[in-house]
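A short write-up of the structure that comes next.
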Amino acid sequence: MAVRTDAVGRLLTQAVLTALEAPSVLNTQPWRWRIDGDTAQLRADRTRQLRVIDPDARLLTLACGASLHHARVALAADGVTATVRYLPDEGDPDLLAMLRYTGRTGPSDEAQRLRAAVGRRRSDRRPFADEPVPDAVVDRLMRAAAAAGVNIRVARPEDLATLAAAAGHAANVQRSDPAYRAEIAAWVRGGIPAEVAAQPSGARPVSLRALDDEPDASIYSGQAVTDRNARYAIIVTDGDSPRDWLTAGEAYSAVVLGAIADGLAFSPLSDLVEIVAARTTLRRMLGGVGWPAMVVRLGVAAGSAGAARSPLRPTADVMEVA
Ligand SMILES: Cc1cc2nc3c(=O)[nH]c(=O)nc-3n(C[C@H](O)[C@H](O)[C@H](O)COP(=O)(O)O)c2cc1C
């Protein structure tokens, strides 16, 4: 792989290396970045699309939006100004975004705070501590999502039954489908360490997607209820097009990096937006306005040991320097 030693090339390379640490559905990392002149181009890698779970590439595009946001955070943290063009070529829908270096400015403190969270960020599926999430932190995360251009709705206590029903329905539909179970098994085997995929025991108000290939969702009758203080944030876009999914991904990245920077833990629940009936249930809960794009469970981590890290793809497979 070519290496750029000029200042702009080095800054763009740093930004792309940061982008490669972004979260993605089942750790598919469905992106390719190319640095060319004063631009960094983000392309979808559809060979890594989940054909059963994500037939429209909505989650793939969302993950790429998160990667784009990571790159923008790195540039802003380094005091770089850049323009971004989304889906710049109608004839080339895989070209999702083009970042262009435009100059230097003072480094942004907020971007530096978020960039420092990139290496510590993990999806943490373990039960949270029985400690409340401070409202001030939730407010800050909502503002971060709004700055990224989407609404975020934090579920109210009376919404939990609806979320639980949607999660239960999604699990029943998906786990009874052998093609779904095969897709989960293949990607978990390829990219998610066993200790990350393991489902801790205990009932939760809203169940998480199981990352094993058993046909039945686990039943936790009679076990202690955990996650009693978890909050659930729903990222909602105005429309439901690839452009909206990119924005949702940027907001998702802003929320999870902000959560980590603020000392919280999180894990996403996208099964709630994968199955049409579950997503429709969420839409209704939101008053029928907008499109739920992602659900994020937020809470205080129990214990100080961090969640295990999932492996990244080799840089040469996902980054190219012209
Ligand atoms: C669009 C998207 C959807 C995801 N959906 C789920 C999900 O439904 N359940 C889950 O446990 N994790 C989900 N994840 C988390 C990924 O599995 C996780 O980001 C990936 O394995 C990399 O691990 P890391 O986030 O710890 O770096 C999702 C992530 C993204 C970006």
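What do you reckon, is residue 51 in contact (Cβ under 8 Å) with a residue 12 or more places away in the chain, buried (at least 20 other Cβ atoms within 10 Å of the Cβ), within 16 Å of the ligand (Cβ to nearest atom) and not hydrophobic (A, V, I, L, M, F, W, C)?
No, not satisfied.
Please pick out the residue among 57, 77 that is out of contact with any Ser or Thr (no Cβ under 6 Å at 6 or more places or on another chain), away from the ligand (no atom under 16 Å from the Cβ) and open to solvent by less than 10 Å² (accessible area, probe 1.4 Å).
The match here is 77.
For residue 99, only one of the following conditions fails: (1) farther than 16 Å from residue 32 by Cα; (2) away from the ligand (no atom under 16 Å from the Cβ); (3) surrounded by 19 or more Cβ atoms within 10 Å (Cβ to Cβ). What is its number?
Checking residue 99 against (1) farther than 16 Å from residue 32 by Cα; (2) away from the ligand (no atom under 16 Å from the Cβ); (3) surrounded by 19 or more Cβ atoms within 10 Å (Cβ to Cβ), the one that fails is (1).
If the Cβ limit is 9 Å and pairs must be 6+ apart or interchain, which residue in the range 70-94 that is closer than 16 Å to residue 250 by Cα and polar (S, T, N, Q) pairs with which residue that is open to solvent by 40 Å² or more (accessible area, probe 1.4 Å) and modelled with pLDDT of 95 or more?
Pairs found: 83/100; 83/101; 83/102.
Can you tell me how many residues within the range 28-38 are crowded, with 19+ Cβ neighbours inside 10 Å and either among the polar types (S, T, N, Q) or in contact with a Phe, Trp or Tyr (Cβ under 7 Å, 6 or more places away or on another chain) (or both)?
Total satisfying the criteria: 2.
Given the range 242-322, what helices (runs of 4 or more DSSP H) lie entirely inside it while holding 1 or more residues that are within 20 Å of residue 131 (Cβ to Cβ)?
Of the helices (runs of 4 or more DSSP H) lying wholly inside the range 242-322, those with at least 1 residues that are within 20 Å of residue 131 (Cβ to Cβ) span 242-261.
Identify all residues within the range 4-41 that are in a helix (DSSP H, G or I) and within 16 Å of the ligand (Cβ to nearest atom); write none if there are none.
17, 18, 19, 25, 26, 27
Tell me, yes or no, whether the range 111-118 has at least one residue that is among the basic types (Lys, Arg), farther than 19 Å from residue 293 by Cβ, outside the structural domain of residue 245 (by TED's automatic domain parsing) and buried (at least 21 other Cβ atoms within 10 Å of the Cβ).
For the range 111-118, residues among the basic types (Lys, Arg), farther than 19 Å from residue 293 by Cβ, outside the structural domain of residue 245 (by TED's automatic domain parsing) and buried (at least 21 other Cβ atoms within 10 Å of the Cβ): present.
State which residue pairs qualify: first residue outside the structural domain of residue 70 (by TED's automatic domain parsing) and polar (S, T, N, Q) and inside the range 14-26, second residue within 13 Å of the ligand (Cβ to nearest atom) and modelled with pLDDT of 95 or more in any location, beta carbons under 7 Å apart, and separation of 6 or more residues or different chains.
Here the result reads none, with nothing in the range 14-26 linked to a residue that is within 13 Å of the ligand (Cβ to nearest atom) and modelled with pLDDT of 95 or more.
The values are calculated or read from the model by the stated rules, or taken from the named source; none is laboratory data. Just so it is clear, the model here is predicted, and its values are computed rather than measured. Cβ: placed from backbone, ideal geometry, glycine included. Neighbour counts: every protein chain shown. When the accessible area is computed, the model is the full protein with side chains, heavy atoms only, and any ligands, DNA or RNA have been set aside. Shrake-Rupley method; radii C 1.70, N 1.55, O 1.52, S 1.80 Å.
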